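K.L.:
Okay, here's the structure, questions in a sec.
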Amino acid sequence: MQGFRIPLLVIGMLGAAAINAAPHDVELNINAGQTGAVINKDIYGQFAEHLGRGIYEGVWVGKDSEIANTNGFRNDVLNALRDIQVPLVRWPGGCFADEYHWREGIGPRNKRPVKVNTHWGGVEETNAFGTHEFFEFVELLGADAYVNGNLGSGSVREMAEWMEYMTSDKNSTLANERRANGRDEPFDIAYFGIGNESWGCGGHMRPQYYVDLYRQYATFLKTPPGKRPKLVGSGGHTDDTEWTDVLSANIDRDMDGISYHFYTLPTSDWQKKGAALGFDESMWLATMERTYRMDEYIRANVAVLDENDPDGELGLYVDEWGTWYDAEPGREPGFLYQQNSLRDAVVTAVNFNIFHEHARRVHMTNIAQMVNVLQAMILTDKEKMVLTPTYHVYGMYKVFQDATAIEFEIQTDNYGEGDKSVPAVTASVAKGKDGKLYLALVNLDPKESASIELNLSGASATQTVGQILTAEKMDAHNSFTQPEVVKPKAFNAKLSNLSLPAKSVVVAELK
Ligand code: AHR
């Protein structure tokens, strides 16, 4: 597998005020002739839940809105998301999925029941955005659909009928109801999740109980030939591997992958997670250390899969990940709205490099979430919209969608100290679908630069041509009044003189 690293631990007296104090020397050896797994484009998937202003205002404003829209979907958000080539959108939750009853979101909008969104802020849920709106949205984006079914408070019949409604090409009453609601052709579903976080908000189940429910529900999900989505088992989170173990050992048919969730909280404390802005270097380092655990947790889950599924048929789907900070003062806490800074951009790139390294099993991920919620691509305030640093990293990395990973070896020292230390630099190398060789580099250190000695075999190149994302301050961010504080700039360097500024992300072609 590509990307093994040999961290040379930094030894010394490192206080919180003076973590590492020297530029990093990094050696990167790339063998372009040795290819690894394909980096599935679905690793770049997004998550859109009925939560806060994630869908209502963030995506859907309705046809009569003064905000420019296409059939009710705001044009500015559509265009921005098209630019980063969103391959996949997961909907309707999250926790919301296990309270969602699909029949309430079809038919004339003014007749749909208004519910209370009990998970997220207790606000009114009008059901204006339902099945047809979701599929129209992904089709407008040119993305695929990941629908998450309701196992927690639904029934086998309800889930089976939703599947028939969406996919049947027969003259059944349900398929004809779909046609009457404006859609002749069956919808295409790429992935279908059977429950969400069944260990928690999805029903507080034990995995041993869930596997039988999964087997029962999956039995009745019938689709026409060629229309079957990949079926997703609801798995574990953070350092847990039991869910992956029990599911992969006991579900022998009709499961394509197991979901896994891991969030980056600077403090690792759900009661006081840390602020999105105005943090010090110790919080930057704590965030990097926490996010880098993704590597260890994926490894642990992959080891379990390799044992139970040696033929490698099951995927590990990281279908919720990203930063989660304290709610902004003055905002509805249940809306999970947070600002997004250069720190989030670095977190994104670190995770992409990890996902690429595990592309053999990690076939799909969904960042939480797409607009206005948690680590969002886009923030809106009524008619205003701003692109976050995270958005820009998605744009820079789109050359990796469906690229083939290339073997490399990196030797880097660490940033940080003791149990709070991470590799100072992480990387990814791949051959793009266009046949070009691409390199991604992240410098996790917010103060020190890194010089890269790059040794390339199996291809010839003398320079990097691409983009860099960095800024002066650790919490540099874009706002509605200053939307371009953090944005990619050109990055062209000779391979013989390659250096990364502190806290930066680079994606470039090797040519
Ligand atoms: O993304 C926010 C919430 O986090 C999701 O609804 C849930 O699945 C997870 O706990």
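The values are calculated or read from the model by the stated rules, or taken from the named source; none is laboratory data. Bear in mind the structure is a predicted one, so any value in this text is a computation, not a measurement. Note that each Cβ is placed from the backbone with ideal geometry, even for glycine, and that neighbours are counted across all protein chains shown.
K.L.:
Quick check: anything in region 213-234 over 20 Å from Met163 (Cβ atoms) and either in the same structural domain as His101 (by TED's automatic domain parsing) or in contact with an Asp or Glu (Cβ under 9 Å, 6 or more places away or on another chain) (or both)? Full working, then the answer.
P.N.:
Step one: of region 213-234, the residues over 20 Å from Met163 (Cβ atoms) are none.
No, every residue in region 213-234 fails to be over 20 Å from Met163 (Cβ atoms) and either in the same structural domain as His101 (by TED's automatic domain parsing) or in contact with an Asp or Glu (Cβ under 9 Å, 6 or more places away or on another chain) (or both).
For every residue, the table says whether it meets (1) away from the ligand (no atom under 16 Å from the Cβ); (2) of a type in the set (Val, Ile, Thr); (3) not in a loop (DSSP other than H, G, I, E, B).
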position: Glu164; (1), (2), (3): yes, no, yes
position: Asn171; (1), (2), (3): yes, no, no
position: Ser198; (1), (2), (3): no, no, no
position: Gly203; (1), (2), (3): no, no, no
position: Leu221; (1), (2), (3): yes, no, no
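K.L.:
Which residue, of Gln482, Gln467, is of a type outside the set (Gly, Ala, Ser), without any contact (Cβ under 8 Å) to a residue 40 or more places away in the chain and under 21 Å from Val346 (Cα atoms)?
P.N.:
Gln482
K.L.:
For region 138-160, name all the residues that are assigned to a helix (DSSP H, G or I), over 24 Å from Val59 (Cβ atoms) and under 29 Å from the mean Cα position of the chain (by Cα).
P.N.:
Val156, Glu158, Met159, Ala160
K.L.:
Where residues in region 109-121 are assigned to a loop (DSSP other than H, G, I, E, B) and free of Cβ contacts under 8 Å to residues at least 60 places away in the same chain, which of them is nearest to the ligand (Cβ to nearest atom)?
P.N.:
Thr118
K.L.:
Residues of region 214-235 being among the basic types (Lys, Arg) and in contact (Cβ under 8 Å) with a residue 24 or more places away in the chain, which ones?
P.N.:
Arg215, Lys222, Lys227, Lys230
K.L.:
I would also like to ask the following. For region 367-386, check the following and say yes or no: at least one residue is outside any helix (DSSP H, G or I), out of contact with any helix residue (DSSP H, G or I) (no Cβ under 8 Å at 6 or more places or on another chain) and at pLDDT below 95.
P.N.:
No, every residue in region 367-386 fails to be outside any helix (DSSP H, G or I), out of contact with any helix residue (DSSP H, G or I) (no Cβ under 8 Å at 6 or more places or on another chain) and at pLDDT below 95.
K.L.:
Does Gly94 fit the bill of being within 16 Å of the ligand (Cβ to nearest atom) and assigned by TED's automatic domain parsing to the domain that holds Phe192?
P.N.:
When the stated conditions are applied, Gly94 passes them.
K.L.:
From the list Leu277, Leu247, which residue is touching a residue at least 24 places away in the same chain (Cβ under 8 Å) and within 30 Å of Asp188 (Cβ to Cβ)?
P.N.:
Working: Leu277 fails: within 30 Å of Asp188 (Cβ to Cβ).
After ruling out the rest, the residue left standing is Leu247.
K.L.:
Next question, about the same structure. Has region 239-255 got at least one residue that is part of a strand (DSSP E or B), in contact with a Gly (Cβ under 6 Å, 6 or more places away or on another chain) and not polar (S, T, N, Q)?
P.N.:
No, because not a single residue in region 239-255 is part of a strand (DSSP E or B), in contact with a Gly (Cβ under 6 Å, 6 or more places away or on another chain) and not polar (S, T, N, Q).
K.L.:
Output yes when any residue across region 391-401 is over 22 Å from the mean Cα position of the chain (by Cα), in contact (Cβ under 8 Å) with a residue 24 or more places away in the chain and either assigned to a strand (DSSP E or B) or over 26 Å from Arg290 (Cβ atoms) (or both), and no when none is.
P.N.:
Within region 391-401, not a single residue is over 22 Å from the mean Cα position of the chain (by Cα), in contact (Cβ under 8 Å) with a residue 24 or more places away in the chain and either assigned to a strand (DSSP E or B) or over 26 Å from Arg290 (Cβ atoms) (or both).
K.L.:
Pairs please, first residue from region 187-206 and of a type in the set (Ser, Thr, Tyr), second anywhere and within 10 Å of the ligand (Cβ to nearest atom), Cβ atoms under 6 Å, 6+ apart in sequence or on different chains.
P.N.:
Every condition considered, the pairs that remain are Ser198/Ser234.
K.L.:
Kindly provide the set of residues from region 420-436 that are part of a strand (DSSP E or B) and within 22 Å of Val346 (Cα to Cα), ordered by number. Talk me through it step by step, then tell me what you get.
P.N.:
The first filter runs over region 420-436 and keeps only residues part of a strand (DSSP E or B), leaving 420-423, 425-431.
Across region 420-436, the qualifying residues are Lys420, Ser421, Val422, Pro423, Val425, Thr426, Ala427, Ser428, Val429, Ala430.
K.L.:
Checking Val211 against (1) in contact (Cβ under 8 Å) with a residue 12 or more places away in the chain; (2) crowded, with 18+ Cβ neighbours inside 10 Å; (3) closer than 21 Å to Ala145 by Cβ, only one condition comes out false. Which one?
P.N.:
Result: Val211 fails condition (3) only.
K.L.:
Collect the residues in region 312-352 that are part of a loop (DSSP other than H, G, I, E, B), over 18 Å from Asp381 (Cβ atoms) and within 16 Å of the ligand (Cβ to nearest atom), keeping them in residue-number order.
P.N.:
Correct list: Trp324, Tyr325, Asp326.
K.L.:
Let me ask another. Just checking, how many residues over region 97-108 are near the ligand (Cβ under 10 Å from one of its atoms), out of contact with any strand residue (DSSP E or B) (no Cβ under 8 Å at 6 or more places or on another chain) and of a type in the set (Gly, Ala, Ser)? Full working, then the answer.
P.N.:
Going residue by residue through region 97-108, those that are near the ligand (Cβ under 10 Å from one of its atoms) are 97-98.
After this cut, where a residue has to be out of contact with any strand residue (DSSP E or B) (no Cβ under 8 Å at 6 or more places or on another chain) as well, the list is 98.
If we keep only those that are of a type in the set (Gly, Ala, Ser) too, we end up with none.
Of the residues in that region, 0 qualify.
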